[in-house]
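Trainee: Take a look at the following structure, please.
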Amino acid sequence: MASHAESSAAAVEPPKPPFPAMKLDQPGLEADLEPKPQFEGAQYRPAEKLNGKVALITGGDSGIGRSVAVLFAREGADVAINYLPEEQVDADETCRHVETAGRRCLLLPGDLTDPQVCADLVEQTVNQFGQLDVLVSNAAHQSRKPSLEEITTEEWNRTFATNVHAMFHLVKAAMPHLKRGSSIIVTSSETGLFGSEQLLDYSSTKGAINAFVKALAQNLVEQGIRVNAVAPGPVWTPLNPADPGLSPEKTAHFGEKTKFKRPAQPDEIAPAYVFFASSGDSAFITGHVLPILGGETASG
Ligand code: NAD
Ligand code: MG
């Protein structure tokens, strides 16, 4: 495994808005995003917390998922990542970093809104790596709309299919392979805690995720499988610059309203996933939704 000294990442002060007033096409490539998100964990010190484990991470090509893949690999896990076929260039980059950390990376393109794809992802991961220990359900669709009237039934269904139904199908497919000590981690959002004026459908999916995580955690506690969620505030990833409802001008000021006056970088969020994946760190923690909001204290 690569030591920190071998890592190419140097600690860089996270950038503050204003960013370039840019717009990406959905799903949004990290390769096209400026400034580049920080995902390598320049200040992160691995400690073999996930040695010999296997993780499947949806949305592992970019953003938070990419950073989770890289930190998991630095902790000793082999990693399978799912993404949309048009994100191949981002997935290749993630894979390069996983392999630089000395671990294996399995690339699994596919559209998660198809339940069969969810089942296949788990099967391919187990076929390749022989086991599955950590499931990270992290992919999401988000498209701001100013009013309820503008959310079509198709859009509502797509948001739920991507953010909620895929999570259900993934967990169901993963269950026969998970053992005592395994961990399920889902990416939620502050919008699932507070709501968000222009994200009625997306916020609802995140609320559903929080309830599912709490219910499933209770359901699986006897089996020794822990279930937790990470609920970030604004993070600098392709998701928002690629949201058709967020103007380039708004993108330029993304995250400005946090106490830090900037969005989080992915590698300021990803260590929470290591924490939840690692029995040595969080063996007694399940059913938790961890808000990472950059100083907002109203969440708990
Ligand atoms: P991102 O764009 O890098 O990741 C989202 C990923 O979802 C994409 O890379 C894509 O691979 C995947 N995806 C979308 N639709 C898919 C489909 N139909 N099939 C397969 N994959 C699909 O952005 P991110 O911000 O890293 O998002 C990761 C998670 O973080 C999401 O759950 C998002 O809701 C959550 N989140 C993000 C923020 C933020 O400000 N960026 C804040 C709170 C929560
Ligand atoms: Mg992506």
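The values are calculated or read from the model by the stated rules, or taken from the named source; none is laboratory data. Note that the structure is predicted; figures quoted are calculated from it, not measured. Here Cβ is always computed from backbone atoms with ideal geometry, including for glycine, and neighbour counts include all displayed protein chains. Surface areas here come from the heavy atoms of the whole protein model, side chains and all, with no ligands, DNA or RNA. Shrake-Rupley method; radii C 1.70, N 1.55, O 1.52, S 1.80 Å.
Trainee: For segment 1-93, what is the Kirkwood hydrodynamic radius in Å, using each pair of distinct C-alpha atoms?
Mentor: Mean inverse Cα-Cα distance, inverted, gives 14.4 Å.
Trainee: Quick check: pseudo-label points 7 Å beyond the Cα along Cα→Cβ at Asp114 and Asn157, how many nm apart are they?
Mentor: 1.7
Trainee: Please sort 96-104, 270-278 by packing, taking for each peptide the average over its residues of neighbouring beta carbons within 10 angstrom, highest first.
Mentor: 270-278, 96-104
Trainee: For the chain, set up a GNM with springs between Cα atoms under 10 Å and report which of Ala119, Ala215, Ala173 has the largest fluctuation.
Mentor: Looking only at Ala119, Ala215, Ala173, the biggest GNM fluctuation is shown by Ala215.
Trainee: As a test of understanding, state the convex hull volume per residue of segment 204-287 from its alpha carbons, in Å³.
Mentor: Dividing the Cα hull volume of segment 204-287 by its residue count gives 114 Å³.
Trainee: Right, another one. For n ≥ 4 DSSP H runs only, could you compute -39500 (n - 2.57) per run for the chain, divide by its residues and tell me the 222 nm figure to the nearest 500?
Mentor: The helix-only estimate for the chain comes to -9500 deg cm²/dmol at 222 nm.
Trainee: With only alpha-carbon atoms counted, please give the Rg and Dmax of segment 50-292, in Å.
Mentor: 16.8, 50
Trainee: Using DSSP H assignments, which helices in the chain have an axial alpha-carbon span of 27 Å or above and a mean Kyte-Doolittle hydropathy of -1.0 or higher?
Mentor: Going by DSSP H runs, the hits are 200-220.
Trainee: If you don't mind, there's one more thing I want to ask. Quote to one decimal, in nm, the extra length available between Asp92 and Met22 on full extension: 0.36 nm per residue of separation minus the C-alpha distance between them.
Mentor: Extending this stretch completely gives an extra 22.8 nm.
Trainee: Count the lysine pairs in segment 50-292 whose Cα atoms lie under 29 Å apart, taking only pairs 8 or more positions apart in sequence or on different chains.
Mentor: Close lysine pairs under the 29 Å cut-off: 22.
Trainee: Just grab the label-to-label distance for Ala252 and Glu149, each label 7 Å out from Cα along the Cβ direction, in nm (one decimal).
Mentor: 3.0
Trainee: Kindly write out, for segment 45-50 in residue order, the coupling ³J(HN,Hα) from the Karplus curve 6.51 cos²θ - 1.76 cosθ + 1.60 (θ = phi - 60°), rounded to whole Hz, with x marking Gly and Pro.
Mentor: These are the phi-based 3J(HN,Hα) values: 10, x, 9, 6, 6, 10 Hz.
Trainee: Accessible area per residue of the chain at 1.4 Å probe, in Å²?
Mentor: 43
Trainee: Moving on to the next point. Of all the accessible heavy-atom surface of segment 1-155, with the other protein chains kept in place and a 1.4 Å probe, what percent is carbon and sulfur?
Mentor: 48
Trainee: May I ask which residue of Gly181, Asn82, His97 lies farthest towards the positive end of the charge dipole of the chain, with charges of +1 (Lys, Arg) and -1 (Asp, Glu) on Cβ and the Cα centre as origin?
Mentor: The residue sitting farthest along the positive end of the dipole is Gly181.
Trainee: Amide H neighbours of Ala231 under 5 Å, counting only residues 5+ apart in sequence or on other chains, H built in-plane at 1.01 Å?
Mentor: Ser188, Leu290, Ile292
Trainee: Also, quick follow-up: Heavy-atom accessible area of Ile292 with all protein chains present, probe 1.4 Å, nearest 10 Å²?
Mentor: For Ile292, the solvent-accessible surface is approximately 40 Å².
Trainee: Next up: Between segment 30-102 and segment 209-260, how far is it from one alpha carbon centroid to the other, in angstrom?
Mentor: 17
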